[in-house]
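**Q** After the structure tokens below, expect a handful of questions from me.
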Amino acid sequence: MKYLLIVPILFANFAFAEIYEDYEPSNQVTELTVISVQPNYMDNYLVNLKKTWVRSSEIQKELGHIVDYAVWTSEVANSPNLWITVTYENMGAMQQTQEKYDAVNKLLAERFPESEDEYDTISKSYEEIRKMVDHQILNRVIFK
């Protein structure tokens, strides 16, 4: 009977976690885009993604607009089968400005002048082979 009285006390200690005392959200945020690429098009999609989105992401990372980016795929033939992440220093860094936009486009034009028409063609073809499934802004939890 004594043990039955101790059990509620033990649970009470764990039931009231406090933010910034027991855990806290990271300042960095990760934007997650979930995509379903049609069967037999993954290789094509990834090659074209490298020519468009990856180039732009590399420049954004170089300029300090983003912390990192990644592309993830699944070996299982399920849908969705591709995840794209972009990590920002904080929520404020996600805010786009014309200055950021112009800086990225300037470097893209300098480094890949021959690819402007190709970029448009590739970007327009994405809708034929993929479906955007979800989009989330994630906060990593840091436990103390």
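**Q** Select from Ala109, Thr97, Ala70 the residue farthest towards the positive end of the dipole of the chain; place +1 on Cβ of Lys and Arg, -1 on Cβ of Asp and Glu, and compute about the Cα centre.
**A** Ala70
**Q** Now for a separate question. Given a Förster distance of 25 Å, report the FRET efficiency between Asn105 and Ser36 from their Cβ-Cβ distance, rounded to the nearest 0.05.
**A** So, using R0 = 25 Å, E works out to roughly 0.30.
**Q** Determine the equivalent ellipsoid of the chain by diagonalising the alpha-carbon gyration tensor, then write out the semi-axes as square roots of 5 times the eigenvalues, largest first, rounded to whole Å.
**A** 42, 22, 10
**Q** If you don't mind, another one. Given the stretch 23-108, what whole percent of its Cα pairs are spread farther than 22 Å?
**A** Here the long-distance tail beyond 22 Å is 36 percent of all Cα pairs in the stretch 23-108.
**Q** Select from Thr52, Thr121, Thr30 the residue whose mean-square fluctuation is largest in a Gaussian network model of the chain (Cα-Cα springs shorter than 10 Å).
**A** Thr121
**Q** Next up: Near Met42, within a Cβ-to-Cβ distance under 11 Å, what is the net charge of the other residues, with Lys and Arg +1 and Asp and Glu -1?
**A** Result for the neighbourhood of Met42: -1.
**Q** How big is the charge dipole of the chain about its Cα centre, in debye rounded to the nearest 20, if each Lys and Arg gets +1 on its Cβ and each Asp and Glu gets -1 on its Cβ?
**A** 480
**Q** Among Asn40, Asn48, Asn105, which one moves the most in a GNM of the chain with springs linking Cα atoms closer than 10 Å?
**A** So, out of Asn40, Asn48, Asn105, the one fluctuating most is Asn40.
**Q** Scanning the chain for GluC sites (Glu not before Pro) in DSSP loops with at most 13 other Cβ atoms within 10 Å, what's the longest stretch left with none?
**A** Maximal segment without exposed cleavage sites: 76-144.
**Q** Please work out the FRET efficiency for the pair Tyr126 and Glu24, using the Cβ-Cβ distance as r and a Förster radius of 35 Å; give the result to the nearest 0.05.
**A** It comes to 0.40.
**Q** Further question on the same structure: Place a point 7 Å from Cα of Glu116 in the direction of its Cβ. Which residues in the stretch 47-76 have their backbone N less than 20 Å from it?
**A** The answer is 51-57, 59-60.
Each value in this text was obtained by applying a stated rule to the coordinates, not by laboratory testing. Just so you know, these numbers come straight off a predicted model, no measurement behind them. Glycine also receives a Cβ, built like all others from the backbone with ideal geometry; neighbour counts cover every protein chain displayed.
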